[in-house]
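Asker: Here it is, the structure in full.
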Amino acid sequence: MSTVESGHANQRLGRPADETKREAMVKAASQMFFDVGYAATAIEQVAAKAGVSKVTVYNHFGDKRGLFIATVENECAKMAGHFSIEQAGTGDLKSRLLALGKAMTAFLARPEMTRFELRIAAETEHEPAIGRSFLDAGPRNMRAEFVVMLQSEVEAGRLQIDDLPLAAEQFVSMCKGFSDLERRFGAEADPERNRERIEGAVAVFLNAYGRSD
């Protein structure tokens, strides 16, 4: 088989060339955006780092804002691998809520999550679409998954909730508490206080929405 034929065969067996190029561009852009910031990153630099032409970058993402939004969505997808509603596991409702609160708190406390949020906040000041993209791909998506879990508990008769999205937000907010603000400003985590906060959040949540009949 000739070299050209071999190359064509490998491309058929592997990922499409466009997909591979897109991944390379998003990876290169992520490194630059989160290292030096949005304003200091040039399309030409991203193209060179990814091994593609500037035209290829524009063809895939339209402009620099489109490229940045793609990197935000990609980072959210990667972070979702560290936290999901499925981490609530099995057992009774109280046990699952406790597990969910602990998993969420540990996820938010990861240093890379804090750096990511701070960078997004800084860029959103100049490009509001970036913030909306982050919210849709990250927090709002997770809230939607939690709402599905709560809906199943309502249908099973274990909870009585009229406004599911509001109840989901209330639980998350109680679990995060003041520590969510402190971590963004460099305060050390307090594992014992986090445990007490999560247990209190579960108790308040079940007292408010648990079925008594």
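The values are calculated or read from the model by the stated rules, or taken from the named source; none is laboratory data. All values reported here derive from a predicted model rather than from experimental measurement. A quick note on method: Cβ atoms are made from the backbone with ideal geometry, for glycine too, and the neighbour counts reach across all protein chains shown. Note: accessible area is taken over every heavy atom of the protein model, side chains too, but ligands, DNA and RNA are not part of it. Shrake-Rupley method; radii C 1.70, N 1.55, O 1.52, S 1.80 Å.
Asker: Could you give the longest part of the chain that holds none of the GluC sites (Glu not before Pro) found in DSSP loops with at most 16 neighbouring Cβ atoms within 10 Å?
Answerer: On the way: sites that count: E125, E188.
It runs 1-124.
Asker: Hey, what's segment 78-213 come to in accessible area per residue, 1.4 Å probe, Å²? Can you show the working numbers first?
Answerer: Working: 7850 Å² over 136 residues.
Ligands and nucleic acids excluded, the result is 58 Å² per residue.
Asker: For the chain, what does the alpha-carbon gyration tensor say about shape, rounded, prolate or oblate, given a ≥ b ≥ c as the root eigenvalues, a/c under 1.5 as rounded, and a/b over b/c as prolate?
Answerer: On the way: a/c = 2.71, a/b = 1.87, b/c = 1.45.
In terms of gyration-tensor shape, prolate.
Asker: Something else about it: Would you please name the chymotrypsin sites (Phe, Trp or Tyr not before Pro) within segment 122-186 that are DSSP coil residues with at most 13 other C-beta atoms within 10 Å of their C-beta?
Answerer: Working: sites: F134, F146, F171, F178, F185; in loops: F178, F185.
Loop-located and lightly packed - F178, F185.
Asker: Nearest 500 deg cm²/dmol is fine: what mean residue ellipticity at 222 nm does the chain get from its DSSP H runs of n ≥ 4 alone, each adding -39,500 (n - 2.57), divided by its residue count? Don't skip to the end; give the middle numbers.
Answerer: Details: 12 runs with 159 residues, N = 213.
Only helices count here, giving -24000 deg cm²/dmol.
Asker: What is the distance, in nm, between label points placed 7 Å from the Cα along the Cα-to-Cβ direction at A156 and at S53?
Answerer: Result for the modelled spin labels: 5.7 nm.
Asker: Over the chain, what relative contact order in percent results from Cα pairs under 8 Å that are six or more residues apart? Spell out each step's value before the answer.
Answerer: On the way: 172 pairs, mean separation 36.8, N = 213.
Here the relative contact order equals 17 percent.
Asker: Estimate the FRET efficiency between A129 and V204 by the formula 1/(1 + (r/R0)^6), using the beta-carbon distance for r and 45 Å for R0, to the nearest 0.05.
Answerer: Working: r = 36 Å, r/R0 = 0.80.
In this case the efficiency is close to 0.80.
Asker: Follow-up. Considering only lysines 8 or more places apart in sequence, or on different chains, count the pairs in the chain whose C-alpha atoms sit under 20 Å apart.
Answerer: Eligible lysine pairs with Cα atoms under 20 Å apart amount to 14.
Asker: Further question on the same structure: Could you tell me the calculated FRET efficiency between N141 and S212, based on Cβ-Cβ distance and R0 = 25 angstrom, to the nearest 0.05?
Answerer: Details: r = 32 Å, r/R0 = 1.30.
The pair N141/S212 has a calculated efficiency of 0.15.
Asker: Let me know the shape class of segment 93-155, please: from the alpha-carbon gyration tensor, a ≥ b ≥ c as square roots of the eigenvalues, rounded when a/c is under 1.5, otherwise prolate if a/b is greater than b/c, or oblate.
Answerer: On the way: a/c = 5.50, a/b = 1.72, b/c = 3.19.
It comes out oblate by the Cα gyration axes.
Asker: Hey, another quick one. Given R₀ = 25 Å, what would the calculated FRET efficiency be for D63 paired with E112, taking r from the Cβ atoms and rounding to 0.05? Spell out each step's value before the answer.
Answerer: Numbers: r = 27 Å, r/R0 = 1.07.
With R0 = 25 Å, the Cβ-Cβ based efficiency is 0.40.
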